[in-house]
Amino acid sequence: MDLYSELLSKKTKISIVGLGYVGLPIAVAFAKKVDVIGFDISKEKVELYQSGVDVTQEVGDAAIQASTVHFTYEEHDLKEANFHIVAVPTPVSTDRTPDLGAVKSATEIVGRNLKEGAIVVFESTVYPGVTEDVCIPILEAASGLVCGKSFKVGYSPERINPGDQIHRLETIVKVVSGMDEASLDQIAKVYEIVVEAGVYKAESIKVAEAAKVIENSQRDINIAFMNELSIIFNKMGIDTKSVLKASATKWNFLNFTPGLVGGHCIGVDPYYLTYKAEQLGYHSQIILSGRRINDDMGKYVAENIIKQLIKAGISIAEAKVAVLGITFKENCPDIRNTKVIDIIEELKEYGIRPIVADPQANPKDVMEAYRLQLIAFDRVENMDAVVIAVNHQEFTSMDKVAVGKMFGEKPHNRKVLIDVKGMLDRNAYEALGYNYWRL
C-alpha cells in the first residue's frame, strides 16, 4: 500500500510543522479527510489552539473547535506521521540576507522523528537549492537515514494570502514537486485530497522553489512602479488614483496601486532571490531597485504628513497625530515586517509621538515587537492629523461624521487627513476643507 492510500485509510498521519498563517489552514483542511498532527514549538500558541482559539484568525475559532487536528508542542508526536509538511517562516536578517534559522530548526526536529518510508515536503519560501542543499543534509544527519533510499523530499510553495477569505488553500492551484517521479506522484495525490483547484507538477524542486520566489518579486516590482509614479505625480499636482482609473480602461493594463509593502512575503521574498544571484556573481538591477523604492515609502508618507501639518499652520512639536492600523495589511492581525512602523518612527524623528489604534492587531504582540501601546479605536479624538495607514473594515465603514469626531471642533482647514491607500472620497473631504493627502 502506498503512502497516499495509507493516509486515506488512516493507517498513518500527516504532520504540519509550524502552525502560523500557512500551517494552520493546511492542518485544518487535511484534518477533514485524514489524521493530522499539528506541531509548533510555541507552547502558548498550541495551548490556545487546544482551547479552540484561532490566534491567526485565518480559519476562525469555530473551525478550530470542530477540527480533529491533534495540536501538540511535543516533537515525539511526529513519529506517528509518515508525511511531513514544513511550513515555518523564512524572514530576512537585519542585513536583508535570508534567515533560514526556523527552517533549519524545523528540519532538524522532523529529522529526529523521521521514519523509514516517510516523505518530507517543504512549503517555506526559499531560494532555489535550499531544499536539496540545506535541508536534506540536516534530515540525514538528524535521522541517520539516507535520502532517496529511506525517505524522500519535495517542495510545494505556500500560496496563502493572510486575511483573504476568497483565495484559500482549497481554491488555489497548488504547485508541487518531488525528488523523483515516485515522490512527485505521491505528493501530488496527497495534496489533491484537499486542493479542489488541482495541482501543477513542477519539473523539479528547484523550479518550484524559483516559481514561488518570483511570484512575490513580480508583485513587489509592479507596486514599486506604482509608488514611483505616485511620487512623480505628487510633484506634478496630479492625483495618482485618478490617473490609474483612466489607464485601467485599457484591456491589458495591470491593476496595481501604490502602497506600503510589508509582511512576510512581498517585502521579504525578493531578497532570497537576489541573495542567491549575488552568490552566483550577478547583482540584481530591477529587483533591488524596486525594493529600495518600497522600503522608503514609510519615510515618504511621514514627510508628507509633516508638509500637510505645516500647510495647515499646525505646530509640528505640538501636533497630535493618530495612526489607524499597524498590521502589514487590511483585515489581518499579522504585524510582521509592517511598514507602518516606518511612518511612526520617522514621525518620532520630528518630535511627534503618534497614538496608534488597530482593532485587528493583538496589543501584546505590538508591545513585544515595537514597544507601542495600542489605544482603543473609539478613543481617537481631538487630533490634528489622522493617518489611515491600513484599510481595515472598521476604518472603511467610517462616514464623514465618524471621521470628523476624531478631530473634534477645530476648523476643517486645520484638519490633516492622510489616506494612504486612497480609501476615502478625496473630492468630498477637500470640499469640506480638509487638508487631504494620499499616495
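Figures for the structure shown
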item	result
Exposure proxy order (Cβ contacts within 10 Å, fewest to most) of Y271, Y300	Y300, Y271
Listed peptides 185-194, 238-247 by packing density, highest first (mean Cβ within 10 Å)	185-194, 238-247
Approximate spin-label separation N382-K405, in nm, with each point projected 7 Å along Cα-to-Cβ	1.7 nm
Set of aspartates and glutamates with alpha-carbon distance to K115 below 18 Å, sequence-local pairs under 8 removed	D2, E6, D35, E74, E75, D77, E80, E140
Value of D in µm² per second that Stokes-Einstein yields for the range 240-325, Kirkwood Rh from Cα pairs, at 25 °C (0.890 mPa s)	150 µm²/s
P(r), alpha carbons of the range 237-437 - 10 Å bins starting at zero, rounded %	8, 32, 35, 18, 6, 1, 0
Ranked list, fewest to most other Cβ atoms within 10 Å of each Cβ, for W251, W437	W251, W437
Three-way shape call for the range 286-395 based on the alpha-carbon gyration tensor, with the a/c threshold at 1.5	oblate
Cα lying deepest toward the dipole's positive end in the chain, options Q285, A246, G117, charges on Cβ	A246
Inter-label distance, nm, simple model (7 Å from Cα along the C-beta direction), E181/D61	5.2 nm
Estimated inter-spin distance, E170 and E203, nm [label 7 Å along Cα→Cβ]	3.4 nm
Student exercise, the chain dipole from Lys, Arg, Asp, Glu Cβ charges, in Debye to nearest 20	1080 debye
Fully extended contour minus Cα-Cα distance, from Q218 to K104, at 0.36 nm per residue	38.4 nm
Efficiency of FRET from Cβ geometry, E6 and V53, R₀ 35 Å, rounded to 0.05	0.65
Which of S42, S217 has the fewest Cβ neighbours within 10 Å, and the rest in rising order	S42, S217
Stokes-Einstein diffusion coefficient of the chain, Kirkwood radius over Cα pairs, 4 °C, 1.567 mPa s, in µm²/s	55 µm²/s
Residue-averaged [θ]222 nm for the chain, counting only DSSP H segments that reach four residues, each worth -39500 (n - 2.57)	-11500 deg cm²/dmol
Shape parameters for the range 3-206, alpha-carbon atoms, Rg then Dmax in Å	15.6, 48
Segment R112-T257, extension gain: residue separation times 0.36 nm, minus the distance between their alpha carbons	47.6 nm
In order through the range 276-281: 3J(HN,Hα) via Karplus (6.51 cos²θ - 1.76 cosθ + 1.60), integer Hz, x for Gly, Pro	5, 4, 4, 4, 8, x
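Values quoted throughout were computed directly from the atomic coordinates according to the rules given, and no laboratory measurement underlies them. Since the structure is predicted, the reported quantities are computational estimates derived from the model, not experimental observations. Note that we place each Cβ from the backbone using ideal geometry, even for glycine, and neighbour counts take in every protein chain shown.
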